[in-house]
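Here the structure comes first, spelled out in structure tokens, and everything after it is commentary.
The values are calculated or read from the model by the stated rules, or taken from the named source; none is laboratory data. What you are looking at is a predicted structure, and each value in this text was computed from that prediction instead of being measured. Cβ atoms come from the backbone with ideal geometry, glycine included; neighbour counts cover every protein chain shown. For accessibility, only protein heavy atoms count, side chains too; no ligands or nucleic acids. Shrake-Rupley method; radii C 1.70, N 1.55, O 1.52, S 1.80 Å.
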Amino acid sequence: QVQLVESGGGLVQPGGSLRLSCVASGSISRFYVMGWYRQAPGKERELVATITNGGNTNYGDSVKGRFTISRDNAKNTVYLQMNSLKPEDTGVYYCKAVAWNGIATWGQGTQVTVSS
């Protein structure tokens, strides 16, 4: 059973930065893509960023140029560096991993609040 544990969320002022981490219970090389999604109150869950096993990245339009996704295979971890944070970035951030057989696993989520 794969487990994903997110951390790094918190309260930050507009313009600030946070780095989220997603640690997998085992090698992340078994996933062909991993990513971050977020859900704001009253809204649907949306794509933030994804990274493939080969290192190709994809970003949601609202975070391009501000967020960076990366992975460290040795630490079984995927990161999301978030800079120039805005109030509209507030939400619960979830890590998702999709295995080569198509099975998806979600983490429990970590809260990010951007407010002065």
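Output the residues belonging to region 36-55 that are polar (S, T, N, Q) and open to solvent by less than 50 Å² (accessible area, probe 1.4 Å).
The answer is T50, T52.
Please tell me if L18 is open to solvent by less than 60 Å² (accessible area, probe 1.4 Å) and within 23 Å of S115 (Cβ to Cβ).
Taking the combined requirement at face value, the residue satisfies it.
Report, by residue number, each residue of region 68-77 that is out of contact with any Leu (no Cβ under 6 Å at 6 or more places or on another chain) and surrounded by 15 or more Cβ atoms within 10 Å (Cβ to Cβ).
T68, R71, N76, T77
Pairs only if they're at least six apart or on different chains, beta carbon under 9 angstrom, first in region 39-58 and in contact (Cβ under 8 Å) with a residue 40 or more places away in the chain, second surrounded by 10 or more Cβ atoms within 10 Å (Cβ to Cβ) and part of a loop (DSSP other than H, G, I, E, B); list them, first residue then second.
Q39/R45; Q39/G109; A40/T90; P41/T90; V48/G60; V48/S62; V48/V63
Which condition from (1) touching a residue at least 60 places away in the same chain (Cβ under 8 Å); (2) surrounded by 12 or more Cβ atoms within 10 Å (Cβ to Cβ) is the one that P87 breaks?
Of everything listed in (1) touching a residue at least 60 places away in the same chain (Cβ under 8 Å); (2) surrounded by 12 or more Cβ atoms within 10 Å (Cβ to Cβ), P87 misses just condition (2).
Being part of a loop (DSSP other than H, G, I, E, B) and without any contact (Cβ under 8 Å) to a residue 40 or more places away in the chain is the filter here, so list the residues in region 100-113 that pass it.
N101, G102, I103
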